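Below is one structure, written out as structure tokens; comments come after it.
The values are calculated or read from the model by the stated rules, or taken from the named source; none is laboratory data. Keep in mind the model is a prediction, meaning the values are calculated, not measured. Methodologically, a virtual Cβ is constructed for each residue, glycine included, from the backbone with ideal geometry; neighbour enumeration extends over all protein chains shown. Surface areas here come from the heavy atoms of the whole protein model, side chains and all, with no ligands, DNA or RNA. Shrake-Rupley method; radii C 1.70, N 1.55, O 1.52, S 1.80 Å.
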Amino acid sequence: MSAPDVFGWCPGALRPMQSGDGLVVRLRVPLGRLTPVQTREIAQLSQACGNGMIDLSARANLQLRGVQADTYPELMDGLRALDLIDADVATEARRNIVLTPFWAQQDESHRIALDLHDALAQPDAPDLPSKFGFAVDCGDSPMLSQVSADIRIERGHKGLICRADGAEAGCPVTAETAAQVALSLAHWFVQTGGVVEGRGRMAAHIARVGAPRDATMRPLPATAQALVGATAAGRLVGLAFGQTTAQDFARLAEVGPLRLTPWRMILIEGAAASGTLPGFITAPTDPRRNISVCTGAPGCRQGLSSTRDVAAEIARALPAAQNRSLHISGCAKGCAHPTPADITLTAQSQGRFHLIRNGRASDRPEGANLRLPELLSRML
């Protein structure tokens, strides 16, 4: 088995990526919020220009799948009309911001994210790798500690801080200064050699050169991940294995504005946790909520096996309310869950997986080339 290709960049709308089922067009939705009109139109465009499948990524981005070369221009025209397209590829690549979905209008998280969004669109913004990202998480309870980001604006024990990922402490900021301090830290990353051949992540750079000297304040400890159901901001619903259909997605527009989350859940603003929503996870005990799955074969050209059908079979066999994290990966890259999971299944060929405990998709397996019955016997 050959090693999977590592492209070193993420798809966008202006720079889509070819996959096994067509072009993957990733939408970096500003502040992660969609109006009902935008939701309905995205669903229609997904059906008209793609295969009607919509993914929600671990950075709270939407991915429209199965787009073809001859339908791509129509899709772009539709997305521009919805104000969801950046001015150019460079601006799109820089604008990697994950905002806590529990922000309120004009609170610190919201204001900082707006400032950062505008600053990254300026001509003097740093030339950052497309995988480089920012997290804005200024609530009283940190929610994004486990989300991939390179620069974090979060709450410390004595106020807001801006912290380089991989550093134990950050520097004090205010809501008014946070975005510019984050941009200064991004410039420092570039100027001190953090970008090599267009790639680079902050934590690896910090490990090589050390943290900036003004990092003095520690962040608050991480909070447990949010669960589906009612919140102060609205109702959280989950996407089974991170994917939904355009038809189901369009139904959400009838309920309210949407906020995309990095947990493969969608927050419906102001919605109560009552009523049915077919196609979505609405029970916190649903075992599918703890399963991370990549596209797998044939949708991904690097996938060595189908994955979502395996995930569905495993979910049916798991007990309700099981709290172990499970990652099913079509190859050793582990795109759907880059960090260790309680159990990881890494495809080796169609229907055969390595079983890894407390590790990543590329780690040494406990069991090799197992089929589903053997996997279940070891997992249950």
Legend entry - Selection from the stretch 65-113 of residues that are within 27 Å of A230 (Cβ to Cβ) and out of contact with any strand residue (DSSP E or B) (no Cβ under 6 Å at 6 or more places or on another chain): F102, W103, A104, Q105, Q106, D107, E108, H110, R111
Legend entry - Subset of the stretch 213-228 [among the basic types (K, R) and either surrounded by 13 or more Cβ atoms within 10 Å (Cβ to Cβ) or under 19 Å from W263 (Cβ atoms) (or both)]: R218
Inset, instruction - Search the stretch 331-351 for residues that are on the phi < 0 side of the Ramachandran plot and charged (D, E, K, R) and pair each with any residue that is at pLDDT 95 or above and part of a loop (DSSP other than H, G, I, E, B) when their beta-carbon atoms are under 8 Å apart and the residues are at least 6 apart or on different chains. - result: K333/A361; K333/S362
Inset, instruction - Within the stretch 238-272, count every residue that is outside any loop (DSSP other than H, G, I, E, B), among the aliphatic types (A, V, I, L, M) and closer than 23 Å to M143 by Cβ. - result: 8
Inset, instruction - Quickly run through the stretch 197-212 and pick out the residues that are hydrophobic (A, V, I, L, M, F, W, C) and open to solvent by less than 60 Å² (accessible area, probe 1.4 Å). - result: M202, A203, A204, I206, A211
Legend entry - Enumerated strands (runs of 3 or more DSSP E) restricted to the stretch 1-95, each holding at least 1 residues that are among the charged types (D, E, K, R) and open to solvent by less than 30 Å² (accessible area, probe 1.4 Å): 53-56, 62-67
Inset, instruction - Using the structure shown, decide if R259 is closer than 26 Å to A93 by Cβ, in contact with a Pro (Cβ under 8 Å, 6 or more places away or on another chain) and open to solvent by 40 Å² or more (accessible area, probe 1.4 Å). - result: no
Legend entry - The one condition in (1) free of Cβ contacts under 8 Å to residues at least 40 places away in the same chain; (2) under 17 Å from T295 (Cα atoms); (3) not acidic (D, E) that P11 fails to fulfil: (1)
Inset, instruction - Select from the stretch 184-235 the residues that are out of contact with any His (no Cβ under 7 Å at 6 or more places or on another chain) and among the charged types (D, E, K, R) and list them in ascending order. - result: E197, R199, R201, R208, R213, D214, R235
Inset, instruction - Kindly indicate the residue of the stretch 163-196 that is open to solvent by less than 20 Å² (accessible area, probe 1.4 Å) and closer than 15 Å to P221 by Cα and also nearest to the chain's Cα centre (by Cα) among those meeting that condition. - result: A167
